[in-house]
Amino acid sequence: MSSEVLDRVQPVYARLRHAIPPLEWPVFAEDVDAILRLKRERDAVILAHNYQTPEIFHGVADIVGDSLALAREAARTDARVIVLAGVHFMAETAKLLNPDRTVLIPDPAAGCSLADSITPADMRLLRARYPGVPIVTYVNTSAAVKAESDICCTSGNARRVVESLGVARVLMVPDEYLARNVAATTDVEVIAWRGHCEVHERFTAAEVAALREDHPGLVVLAHPECPPDVVAVADFAGSTAAMCDYVDAHRPARVVLLTECSMSDNVAARHPDIDFVRPCNLCPHMKRITLANIRAALETMRHPVEIDPDIAVRARRAVERMLAVA
């Protein structure tokens with residue numbers, strides 16, 4: 001590792017000292033330096049989800065956030081190339097909103113248990129079983145499933161989307177727990193699919209009780225993909241963006257975020273004075289994205305996202321309806 005490379009990326013490391021020891025930084029520095037150069041050469045922007053590891057989130061990302069924030073920013077960017085540091089459905093959403101731009105997914109095998117839990121055929125069966133009932137589809141789904149939807153939602157705007165339709169009953173897919181947590185806050189009847197996030201479904205109310213016992217004064221923030229009994233015993237429930245906002249506004253002395261564990265690492269960078277308790281549930285799909293394959297994607301322009309034109313038109317309509325509500 002040359003001293004010139006380390007000098008060039010020193011401002012980046014200043015943002016990462018909380019997460020990466022000095023002895024480990026040279027392992028990342030060369031990829032970071034190459035990615036910063038390739039972004040300039042390719043006119044590229046990197047969108048990174050809140051669950052990405054710190055060297056991506058704080059090191060090379062241009063825009064960070066939850067699914068809703070990334071969808072909004074994907075629609076606004078004027079870069080020729082978008083690299084989505086997240087899972088495949090997020091890259092598809094970016095492509096839906098930027099059909100004339102190149103959208104790269106560093107590892108096309110970065111999937112999602114929720115996206116895999118429902119198919120377009122399932123959606124058509126739901127239409128037949130519940131004629132006339134609108135389908136609200138979580139963005140954690142494939143473009144082909146979105147194309148069968150009336151409107152999309154995220155965890156941050158799900159209730160607003162449901163109530164925006166002005167109907168007494170909706171179908172909500174695919175996350176059962178998100179649907180049940182929304183149903184508890186609205187007069188609209190919500191019919192749920194039975195998909196689950198393999199990260200959030202593992203949290204339990206008993207675990208929350210044990211954490212409170214072990215860490216007096218602990219403030220518990222839960223993602224709405226957690227089971228309803230977990231949300232019920234949390235101090236606050238909201239999207240990853242809402243969790244960040246809560247920590248920024250309330251600055252609890254000790255907090256736990258019941259979501260993917262890299263989230264705590266990334267929020268902790270802004271709040272070194274807060275004690276973050278970390279029950280570490282990792283998303284294996286998010287962790288398929290690395291500095292090395294981001295660099296390779298930009299070097300080779302491999303793994304561009306392609307969506308069937310008919311599917312893209314219908315899926316884009318559902319996403320744009322969501323953004324109009326959000």
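Of note:
- Qualifying positions in region 157-191 - touching an Asp or Glu at 6+ places or on another chain (Cβ under 7 Å) and either over 20 Å from Ala222 (Cα atoms) or buried (at least 22 other Cβ atoms within 10 Å of the Cβ) (or both): Ala168, Arg169, Asp175, Tyr177, Leu178, Val188
- Applying the criterion of being of a type in the set (A, V, I, L, M, F, W, C) and at pLDDT below 95 to the residues of region 39-78, the residue that is farthest from the chain's Cα centre (by Cα) is Ala75.
- Residues within region 198-213 that are touching a residue at least 12 places away in the same chain (Cβ under 8 Å) and either of a type in the set (D, E, K, R) or in contact with a Phe, Trp or Tyr (Cβ under 8 Å, 6 or more places away or on another chain) (or both), tallied: 5
The rows are residues; the columns are (1) under 30 Å from Asp31 (Cα atoms); (2) of a type in the set (Ser, Thr, Tyr); (3) open to solvent by 10 Å² or more (accessible area, probe 1.4 Å); (4) in contact (Cβ under 8 Å) with a residue 60 or more places away in the chain.
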site: Val230; (1), (2), (3), (4): no, no, no, no
site: Cys244; (1), (2), (3), (4): yes, no, yes, yes
site: Asp248; (1), (2), (3), (4): no, no, yes, no
site: Pro252; (1), (2), (3), (4): no, no, yes, no
site: Thr259; (1), (2), (3), (4): yes, yes, no, yes
site: Asp265; (1), (2), (3), (4): yes, no, yes, yes
site: Phe276; (1), (2), (3), (4): yes, no, yes, no
site: Pro279; (1), (2), (3), (4): yes, no, yes, yes
site: Ala292; (1), (2), (3), (4): yes, no, yes, yes
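- Within region 296-326, considering residues that are charged (D, E, K, R) and touching a Leu at 6+ places or on another chain (Cβ under 7 Å), the one surrounded by the most Cβ atoms within 10 Å (Cβ to Cβ): Arg316
- Test: residue in region 37-59 that is within 23 Å of Ala242 (Cα to Cα) and surrounded by fewer than 15 Cβ atoms within 10 Å (Cβ to Cβ): no
- Selection of region 193-232 for residues being of a type in the set (A, V, I, L, M) and touching a strand residue (DSSP E or B) at 6+ places or on another chain (Cβ under 7 Å) yields Val199, Val208, Leu211, Leu218, Val219, Val220, Leu221, Ala222, Val230, Val231.
- Selection status of Arg17, open to solvent by 50 Å² or more (accessible area, probe 1.4 Å), of a type outside the set (A, V, I, L, M), under 21 Å from Leu298 (Cα atoms) and out of contact with any His (no Cβ under 7 Å at 6 or more places or on another chain): no
- So Cys283, is it touching a residue at least 60 places away in the same chain (Cβ under 8 Å) and within 21 Å of Gly65 (Cβ to Cβ): yes
The values are calculated or read from the model by the stated rules, or taken from the named source; none is laboratory data. Nothing here was measured: the structure is a model prediction, and the numbers come from that model. Here Cβ is always computed from backbone atoms with ideal geometry, including for glycine, and neighbour counts include all displayed protein chains. Note: areas computed on protein heavy atoms with side chains; ligands, DNA, RNA excluded. Shrake-Rupley method; radii C 1.70, N 1.55, O 1.52, S 1.80 Å.
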